[in-house]
Amino acid sequence: MQVHKYDVVIVGAGGAGMRAAIEAGQRAHTAVLTKIYPTRSHTGAAQGGMCAALANVEEDNWEWHTFDTVKGGDYLVDQDAAEVMAKEAIDAVLDLEKMGLPFNRTPEGKIDQRRFGGHTRDHGKAPVRRACYAADRTGHMILQTLYQNCVKHNVEFFNEFYVLDLLLVEEDAVREDGTAYKQKRTAGVVSYELATGEIHVFQAKSVIFATGGAGKVYKTTSNAHTLTGDGMAIAYRAGLPLEDMEFVQFHPTGLAGLGILLSEAARGEGGILRNADGERFMERYAPTIKDLAPRDIVARSMAEEVRQGRGAGPNKDYVLLDLTHLEPSHIDEKLPDITEFARTYLGVEPYTEPVPVFPTCHYFMGGIPTNIKAEVLQDNDTVVPGLYAAGEVACVSVHGSNRLGTNSLLDINVFGRRAGIYAAEYAAQADWVELPEGGELPTVEHIENLRSATGSERVADIRAELQESMDADMQVFRDEDSIRRALAKIEELRGRYENVSVQDKGRRFNLDLLEGMELGYLLDIAEAMTLAALGRKESRGGHYREDYPDRDDENFMAHTMIYRDETAEMEGVKGIRFETKPVVVTRYQPMERKY
Ligand SMILES: Cc1cc2nc3c(=O)[nH]c(=O)nc-3n(C[C@H](O)[C@H](O)[C@H](O)COP(=O)(O)OP(=O)(O)OC[C@H]3O[C@@H](n4cnc5c(N)ncnc54)[C@H](O)[C@@H]3O)c2cc1C
Ligand SMILES: O=C([O-])CC(=O)C(=O)O
């Protein structure tokens, strides 16, 4: 085992991790640990844009952006955080421009902007052009730009280092009201080096989790193989809560049957969704902004069209994205990659044929709870000194129950930057917390058990069954029965996971072993999602329960918090504590959500 000592350790080299590294790296001795090479992080797959009310092509302002974000999130958004994000958006885009990001331009040379779902002028009156973009490769450009700037600032990367545990220590503490509690403090992380199989412990004053989402809990997803919810699961196992895990975003336009993403920019540029009869059905569901309604509404409308028998194709199980009325030159300039996906994977020519699409699991609104300084919370009010989270792994909560398109690339830049600054500031005045003795041993034991196991279960089989179950029962529409079915399946798979073995028994480049570890994280994430979904007996944003079809502000205008707690029980499940946390409302009271 090797021990390293840094002021700040950042786990993850996607957009959030690298934006944090640019700040922390200039202020403190900083290391970035990443399980894949930085430029392969999933931010690089982001397509359509990053929004900011620059008002380059139309009147716009950060207050309208805040309002759209709050309404888009069905009023579950913490409004202090949404205000910070919308205000700081403008500098976040200009910072990237100064770092060298090649945005598309207007004829006058300004950063061009286009329409996206739920972004409107003057509180919902009409769609507004707010998304800054680089064709349909915005994430690729952001990731490359951030990486180049990390290199410029001599940030130290530890590539193919898998973080498998977070080292926290607990101290007795007393609250202002006299009640005793256990205060968690950050000591470091335990990681596994892929090339050697060696364990490395990183002691750090500040740790920033920026490990991205968990889309691989589903079979049909726009997410890469690596998005297995590691950071969320590691925090959950360490006794920290997970917030709002019932809210998963299904992006409306996945390639039918595959889930590969076709950017919402296709509709921003004028694309239209049609059912088998050729009807522009979104006119019925969202008469004002139609195809540019927020994603939860569009995804449910598509699923409803299919349920009503108006789906297209031999099995009537998808709808059609029609771009045929757009000029081919416009498509080539603005949507080159995604139209190529349609040709390559479905053999469809978007110039002349509509493209089969259906909702695909895309984004986690929930995650590790943080405040606007990106500090991680151990309960509703108490921060864990030295621990930060930013990006998709975190729940700050700027997206509430449904994120607007292009608000994630913004989130990772705004809160990634904040995490880097505050983590470095904390490290400047704090001392290292002593590493807990043998803190790495549970990880070593877990790895060795998995490597030496001879059980009959296979990682790939359990993962496939989990993904199929989540696809079937934790979908756009859900109810008590379907959620309980998913939960029962997860419990069964968790039992079988105890008997899993990996084929590769070696120490070097053992990806088989790491997939086994990742499967454990996926099972934990699925458990937290289904329990949170059981607890929220209402419909809001991305969580639509057919047995509770209305939003219930009286009882559920609150975030859900799921804890692992041996002394507690939730809905018959032992070892789980379910709590809620108030939503921060600064200016917008909940209203009926119509578009
Ligand atoms: C196809 C697609 C298109 C999208 N398009 C857009 C868009 O146009 N606009 C928009 O706003 N949003 C978009 N999104 C969403 C957005 O891209 C993501 O939410 C965002 O990029 C996540 O960034 P991140 O930095 O949090 O995580 P990621 O970019 O996923 O990075 C995670 C990092 O964590 C590391 N990591 C994970 N686990 C471990 C571990 N155990 N140990 C060490 N390292 C670890 C990984 O190596 C990686 O470096 C899109 C998403 C998808 C899937
Ligand atoms: O390009 C897309 O549709 C994806 C996107 O903007 C997002 O997830 O915010």
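The values are calculated or read from the model by the stated rules, or taken from the named source; none is laboratory data. The model shown is predicted, which means the values in this text are computed figures rather than measured ones. Cβ coordinates were reconstructed from backbone atoms using ideal geometry, including for glycine residues, and neighbour counts include every protein chain displayed. Note: accessible area is taken over every heavy atom of the protein model, side chains too, but ligands, DNA and RNA are not part of it. Shrake-Rupley method; radii C 1.70, N 1.55, O 1.52, S 1.80 Å.
A few notes on this one:
- Selection within segment 541-563 - open to solvent by 50 Å² or more (accessible area, probe 1.4 Å) and touching a strand residue (DSSP E or B) at 6+ places or on another chain (Cβ under 6 Å): Y544, E546, R551
- Scanning segment 123-135 for residues that are within 12 Å of ligand 1 (Cβ to nearest atom) and not in a loop (DSSP other than H, G, I, E, B) yields R130, A131, C132.
- Per-region count, segment 400-426, residues under 18 Å from the mean Cα position of the chain (by Cα) and either within 15 Å of K581 (Cβ to Cβ) or among the small types (G, A, S) (or both): 6
- Considering residues of segment 33-61 that are of a type in the set (V, I, T) and near ligand 1 (Cβ under 8 Å from one of its atoms) only, the residue surrounded by the most Cβ atoms within 10 Å (Cβ to Cβ): T43
- For segment 150-171, the condition holds for no residue, the condition being that it is in contact (Cβ under 8 Å) with a residue 12 or more places away in the chain, more than 14 Å from ligand 1 (Cβ to nearest atom) and touching an Asp or Glu at 6+ places or on another chain (Cβ under 7 Å).
- Residue in segment 510-518 that is assigned to a helix (DSSP H, G or I), over 22 Å from Y162 (Cβ atoms) and not aliphatic (A, V, I, L, M) present: no
- The single residue among T220, T196, T211 that is open to solvent by 10 Å² or more (accessible area, probe 1.4 Å) and over 26 Å from P436 (Cα atoms) turns out to be T220.
- Just one residue in the set E269, E283, E279 is open to solvent by 10 Å² or more (accessible area, probe 1.4 Å), within 15 Å of ligand 2 (Cβ to nearest atom) and farther than 18 Å from G213 by Cβ; that residue is E269.
- Filter result for S408 (within 16 Å of ligand 1 (Cβ to nearest atom), open to solvent by 10 Å² or more (accessible area, probe 1.4 Å) and either assigned to a helix (DSSP H, G or I) or touching a residue at least 60 places away in the same chain (Cβ under 8 Å) (or both)): yes
- Flag for Y595 being outside any strand (DSSP E or B) and buried (at least 20 other Cβ atoms within 10 Å of the Cβ): yes
- Those residues of segment 157-182 which are open to solvent by 70 Å² or more (accessible area, probe 1.4 Å), in a strand (DSSP E or B) and not β-branched (V, I, T), in sequence order: E170, E171, D172, A180, K182
- Cβ separations smaller than 6 Å between residues 6+ apart or across chains give the following pairs from segment 194-219 residues that are within 14 Å of ligand 1 (Cβ to nearest atom) to residues that are in a strand (DSSP E or B) and of a type in the set (S, T, N, Q): H200/Q2; H200/S191; V207/T186; G215/T221.
- The listed residues are T120, T145, and the only one of them that is part of a helix (DSSP H, G or I), hydroxyl-bearing (S, T, Y) and open to solvent by less than 20 Å² (accessible area, probe 1.4 Å) turns out to be T145.
- Test: A89 is part of a loop (DSSP other than H, G, I, E, B) and among the hydrophobic types (A, V, I, L, M, F, W, C): no
The rows are residues; the columns are (1) farther than 30 Å from E518 by Cβ; (2) away from ligand 2 (no atom under 16 Å from the Cβ).
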residue: G14; (1), (2): no, no
residue: M18; (1), (2): no, yes
residue: A24; (1), (2): no, yes
residue: T39; (1), (2): no, yes
residue: H42; (1), (2): no, no
residue: A46; (1), (2): no, no
residue: E58; (1), (2): yes, yes
residue: F67; (1), (2): yes, yes
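- Only one entry in E566, E498, E538 is free of Cβ contacts under 8 Å to residues at least 12 places away in the same chain and either touching a strand residue (DSSP E or B) at 6+ places or on another chain (Cβ under 6 Å) or open to solvent by 60 Å² or more (accessible area, probe 1.4 Å) (or both), namely E566.
- Qualifying residue in segment 445-455 (condition: in contact with a Lys or Arg (Cβ under 9 Å, 6 or more places away or on another chain) and surrounded by fewer than 18 Cβ atoms within 10 Å (Cβ to Cβ)): yes
- Strands (runs of 3 or more DSSP E) lying entirely in segment 301-404 (those with 2 or more residues that are within 16 Å of ligand 1 (Cβ to nearest atom)): 355-364, 383-389
Quick grid of which residues meet (1) open to solvent by 20 Å² or more (accessible area, probe 1.4 Å); (2) in contact (Cβ under 8 Å) with a residue 12 or more places away in the chain; (3) more than 16 Å from ligand 2 (Cβ to nearest atom):
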position	(1), (2), (3)
P102	yes, yes, yes
K110	yes, yes, yes
F116	no, yes, no
M141	yes, yes, no
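- Search result, residues across segment 160-214 that are at pLDDT below 95 and among the polar types (S, T, N, Q): T179
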